[in-house]
Amino acid sequence: MDLTKHSFFWERLRHILVGPPRDPLKPETRSHIVLIAFLAWVGLGADGLSSSAYGPEEAFKALGAHTHLGLFLAPATALTVFVIALAYNQVIELFPSGGGGYKVATILIGPNAGLVSGAALIVDYVLTITISIASGVDTIFSLLPLGAQPYKLTTEVFLVFLLLVLNLRGIKESVNILMPIFLGFVVSHVLLIVFGTYAHLADIPQLVPHAINESRLLAESMSWVFVIGLFLRAYSLGGSSYTGLEAISNNVNMLAEPRVRTGKWTMFYTALSLAFTAGGIILLYLLWDTKPTEGQTMNAVVFRNIIESIGWSAGLNEMLLMLVLAFAGALLFVAANTGFLGGPAVLANMAVDQWVPNQFSSLSSRLVTKHGVILMSGAALAILVWSEGKVDLLAVLYSINVFITFTMATLGLCIYWRKHKHDIAYWRRRLALSSFAFVVCAGILLVTIYERFMVGGWVTIFITGSVISFCLLIKRHYTQTRSQIKKIDEIFAAAPCEPVENPPAIDRNAATAVFMVSRSRGTGMHTMLWVQRLFPGNFKNFVFLSVGAIDTAAYGADGALEDLQNETHESLQYFVNFCHQHGIAATSYESYGTDRVHELTKLVDKVSAEFPNGVFFASKLVFVHDNWFTRSLHNQTPLTMQRILHLRGQQMVILPMKIE
């Protein structure tokens, strides 16, 4: 009774925090959780738009005293946004089920390239959370006295936990809650950029010849190589302005049908808003002669100057500035949310290819990749504490990983259009766009690594390299394990079991062996044959239980859920037919859901009521070199079910299956 009360308490608490479960088998469930273009712009485009809070500042600072080059930097930034966005539109066309840069590199270049891109994306999304929250807190704390600075890190940690809980509730729920913040940012920044530019409209005709003349004078004293190098350095170090564009192609599976069209509209909204905001803010820095100020972002400085120029009272000016910065800071928290959407999606795709533990493809009862969400939050907390929330350092780590992915994706597109030049119309135009995007992205990546190698660049290379190494170890383990299980499966696959016309009758009161099996025929047959060997003639009925675990692979692609149901049913039918051919009464039960233990428990309750003299059996892989690493890569369902049944006073036996 105490156990029941304890379970009820935790179940009730879970429902309060993350909401009640959803049924993945209901058709209306998917329509409830997918995003239309506008909502996707809010949920996925916020990452790109929010980079205008720190990307333009990094680029403008890199110009040093030669701020006149900002006049050329603003349109170059806006143009680059559209170049990368158009390239990623091609990714959306080629991979409408999602996966983005990881799928492009894996399929178009090779698995190892996919691993590099996937590892960079994982680190990228962790840093999306980290830099967005750190920059958002910086923006909010720009309104507070300098004495409040020591409390920034505590605030950042609290916000990570808040977003963790919010994302465990579901995708659309988090987007709907954060939408007013997003719209407030867009409206306030559009008005400030338009008004700030209009206020200096008379200066713009003189600004162009002045910038050209200053550039010529600088070239005469230092050389054109110096001028071009300075411009390219600032342009490259502002690479964080383009981050977030890949999030849409990575998460096309979250979008409403038709996915490709929805994805392209989402990309257009994101590119247009980011190009206008990032380019407009650089122009404002130049027009309003903005200088870095301690304890404040450059955006806060220029917005204060614009608002104060209106001529309203000091109190009203301060209120307006607080509102604008509140929206800017809060939008960065919305952008951090993109890391919780995109990161788990990449982990799920890599889990299907067995680069990361299988658990990362699992869905929670709310159809959320909860293991990925939890990992993202834990890693973000670690980097926040290590970096102390320093945006300058995080921007370097962030942009390097983003442009690793950009470079791999655009290279993959170049290879694809080159190979399919005889099959696709307009291939030259598409190849030219992909090639230009590749050159731009690779150039920004190389300059950023060179310029910032000793100021954080080596750290991100070390972190991403460590992720790649760990993934290689995981892949090696899964490959070796799968190879041994496949050999066993092939033995039984060669001997198909046809249905028997008059199968033996079931005696529900007789001794019954109940087997928990998977879709692997080898492991199921291993368990059944061992039971016959250990308890010869003891069990009169054999009952087979199997749960089709609905993960991201089964729930994401069209027809995948039906395939899962067919495979599970055929596997169970094989075991039943085998028993019938050998004169053993047998039947099977199947269930489908996101939680294998929960679904198995329901089947156990059903079978226990129908077969009161049943004993449960399951097989568990046992490794010769067993350690925490091997245990973490495989689910512990048999041990969990054994504990549940033993607490109920029911019998369950786990039979080992040795793996070298």
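The values are calculated or read from the model by the stated rules, or taken from the named source; none is laboratory data. This is a predicted model, so every value here is computed, not measured. Virtual Cβ from ideal backbone geometry, glycine too; neighbours counted across all protein chains shown. These accessible areas exclude ligands, DNA and RNA; they are computed on the full protein's heavy atoms, side chains included. Shrake-Rupley method; radii C 1.70, N 1.55, O 1.52, S 1.80 Å.
Restricting to region 142-172, give me the number of residues that are over 19 Å from the mean Cα position of the chain (by Cα) and in contact (Cβ under 8 Å) with a residue 12 or more places away in the chain. Give the derivation first.
Keep residues of region 142-172 that are over 19 Å from the mean Cα position of the chain (by Cα), which gives 142-158.
Cutting the leftovers down to in contact (Cβ under 8 Å) with a residue 12 or more places away in the chain gives us 142-143, 146, 149, 152-153, 155-157.
Summing the residues that are over 19 Å from the mean Cα position of the chain (by Cα) and in contact (Cβ under 8 Å) with a residue 12 or more places away in the chain in region 142-172 gives 9.
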Are any residues in region 603-640 hydrophobic (A, V, I, L, M, F, W, C) and open to solvent by less than 60 Å² (accessible area, probe 1.4 Å), and if so, which ones?
L603, V604, V607, F611, V615, F616, F617, A618, L621, F623, F629, L633
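Quick check on this structure: which one of G43, G48, G99 is modelled with pLDDT under 90, at positive phi, open to solvent by less than 10 Å² (accessible area, probe 1.4 Å) and not aliphatic (A, V, I, L, M)?
Numbers: G43 fails: at positive phi; G48 fails: at positive phi.
Only one candidate qualifies: G99.
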How do the pairs read when you match residues in region 260-271 that are on the phi > 0 side of the Ramachandran plot with residues anywhere that are open to solvent by 20 Å² or more (accessible area, probe 1.4 Å) and in a helix (DSSP H, G or I), using Cβ under 6 Å and keeping only pairs 6 or more apart or on different chains?
none
Residues of region 282-296 satisfying the condition of being open to solvent by less than 10 Å² (accessible area, probe 1.4 Å) and under 14 Å from L63 (Cβ atoms):
I282, Y285, T290
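What number of residues within region 419-437 satisfy the criterion of being free of Cβ contacts under 8 Å to residues at least 40 places away in the same chain and touching a Ser or Thr at 6+ places or on another chain (Cβ under 9 Å)?
At the first step, the residues of region 419-437 found to be free of Cβ contacts under 8 Å to residues at least 40 places away in the same chain are 419-429, 431-432, 435.
Right, trim to touching a Ser or Thr at 6+ places or on another chain (Cβ under 9 Å) and you get 435.
Counting residues in region 419-437 that are free of Cβ contacts under 8 Å to residues at least 40 places away in the same chain and touching a Ser or Thr at 6+ places or on another chain (Cβ under 9 Å) gives 1.
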Residue, nearest to the chain's Cα centre (by Cα), within region 57-70, restricted to residues that are closer than 15 Å to I212 by Cβ and open to solvent by less than 30 Å² (accessible area, probe 1.4 Å):
G70
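Table: residues versus (1) outside any helix (DSSP H, G or I); (2) at pLDDT below 90; (3) touching a strand residue (DSSP E or B) at 6+ places or on another chain (Cβ under 7 Å).
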{"position": "K172", "(1), (2), (3)": "no, yes, yes"}
{"position": "I181", "(1), (2), (3)": "no, yes, no"}
{"position": "L207", "(1), (2), (3)": "no, yes, no"}
{"position": "F226", "(1), (2), (3)": "no, no, no"}
{"position": "S236", "(1), (2), (3)": "no, yes, no"}
{"position": "E257", "(1), (2), (3)": "yes, yes, no"}
Considering only region 329-341, I want to know if a residue exists there that is assigned to a loop (DSSP other than H, G, I, E, B), over 30 Å from N305 (Cα atoms) and within 15 Å of the chain's Cα centre (by Cα).
no
Using the structure shown, decide if A120 is closer than 17 Å to L394 by Cβ, modelled with pLDDT of 90 or more and open to solvent by less than 10 Å² (accessible area, probe 1.4 Å).
yes
Please go through region 207-256 and give me each residue that is touching a residue at least 12 places away in the same chain (Cβ under 8 Å), open to solvent by 10 Å² or more (accessible area, probe 1.4 Å), of a type outside the set (S, T, N, Q) and over 25 Å from L445 (Cα atoms), ordered by number.
L207, V208, H210, E214, L218, M254, A256
Anything in region 385-439 that is more than 23 Å from G114 (Cα to Cα), under 24 Å from the mean Cα position of the chain (by Cα), assigned to a helix (DSSP H, G or I) and not hydrophobic (A, V, I, L, M, F, W, C)? List them, or say none.
S387, D392
When restricted to W288, W386, W355, the only residue closer than 30 Å to R476 by Cβ and touching a residue at least 24 places away in the same chain (Cβ under 8 Å) is W355
I need the full set of residues from region 641-657 which are open to solvent by less than 40 Å² (accessible area, probe 1.4 Å) and modelled with pLDDT under 90, in order please.
L655, M657
Regarding region 169-176, can at least one residue be identified that is of a type in the set (G, A, S) and on the phi > 0 side of the Ramachandran plot?
yes
Against the condition part of a helix (DSSP H, G or I), within 26 Å of A271 (Cα to Cα) and among the hydrophobic types (A, V, I, L, M, F, W, C), how does I212 come out, does it pass?
no
Name every residue in region 499-521 that is small (G, A, S) and either in contact with a helix residue (DSSP H, G or I) (Cβ under 8 Å, 6 or more places away or on another chain) or under 15 Å from C579 (Cα atoms) (or both), in order of residue number.
A505, A513, S518, S520
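For (1) open to solvent by 10 Å² or more (accessible area, probe 1.4 Å); (2) of a type in the set (D, E, K, R); (3) out of contact with any strand residue (DSSP E or B) (no Cβ under 9 Å at 6 or more places or on another chain), each residue gets a yes or a no:
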residue: M298; (1), (2), (3): no, no, yes
residue: V324; (1), (2), (3): yes, no, yes
residue: F327; (1), (2), (3): yes, no, yes
residue: V334; (1), (2), (3): no, no, yes
residue: A351; (1), (2), (3): no, no, no
residue: S362; (1), (2), (3): yes, no, no
residue: L375; (1), (2), (3): yes, no, yes
Considering region 516-537 alone, what residues qualify as being under 40 Å from the mean Cα position of the chain (by Cα) and either over 18 Å from I488 (Cα atoms) or open to solvent by 10 Å² or more (accessible area, probe 1.4 Å) (or both)?
M516, V517, S518, R519, S520, R521, T523, H526
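If I filter region 564-582 for residues that are surrounded by fewer than 18 Cβ atoms within 10 Å (Cβ to Cβ) and in contact with a Phe, Trp or Tyr (Cβ under 7 Å, 6 or more places away or on another chain), do I get at least one hit? Spell out how you get there, then give the answer.
The first filter runs over region 564-582 and keeps only residues surrounded by fewer than 18 Cβ atoms within 10 Å (Cβ to Cβ), leaving 565-567, 569-570, 573, 577, 581-582.
Retained after the next criterion (residues that are in contact with a Phe, Trp or Tyr (Cβ under 7 Å, 6 or more places away or on another chain)): 565.
Yes, because at least one residue in region 564-582 is surrounded by fewer than 18 Cβ atoms within 10 Å (Cβ to Cβ) and in contact with a Phe, Trp or Tyr (Cβ under 7 Å, 6 or more places away or on another chain).
Rundown of residues vs (1) in a strand (DSSP E or B); (2) out of contact with any His (no Cβ under 6 Å at 6 or more places or on another chain); (3) over 22 Å from I506 (Cα atoms); (4) of a type in the set (K, R), yes/no style:
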position: L564; (1), (2), (3), (4): no, yes, yes, no
position: N577; (1), (2), (3), (4): no, yes, no, no
position: S588; (1), (2), (3), (4): yes, yes, no, no
position: A618; (1), (2), (3), (4): yes, yes, no, no
position: T630; (1), (2), (3), (4): no, yes, yes, no
position: L639; (1), (2), (3), (4): no, yes, yes, no
position: H646; (1), (2), (3), (4): no, yes, yes, no
Are any of the residues in region 449-464 of a type in the set (S, T, N, Q) and surrounded by 15 or more Cβ atoms within 10 Å (Cβ to Cβ)?
yes
For region 257-281 the number of residues that are buried (at least 24 other Cβ atoms within 10 Å of the Cβ) and closer than 15 Å to S51 by Cα is 6
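Residues checked against (1) assigned to a helix (DSSP H, G or I); (2) touching a strand residue (DSSP E or B) at 6+ places or on another chain (Cβ under 7 Å):
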{"residue": "C497", "(1), (2)": "no, no"}
{"residue": "N502", "(1), (2)": "no, no"}
{"residue": "D507", "(1), (2)": "no, yes"}
{"residue": "F515", "(1), (2)": "no, yes"}
{"residue": "G524", "(1), (2)": "yes, yes"}
{"residue": "M528", "(1), (2)": "yes, yes"}
{"residue": "R533", "(1), (2)": "yes, no"}
{"residue": "P536", "(1), (2)": "no, no"}
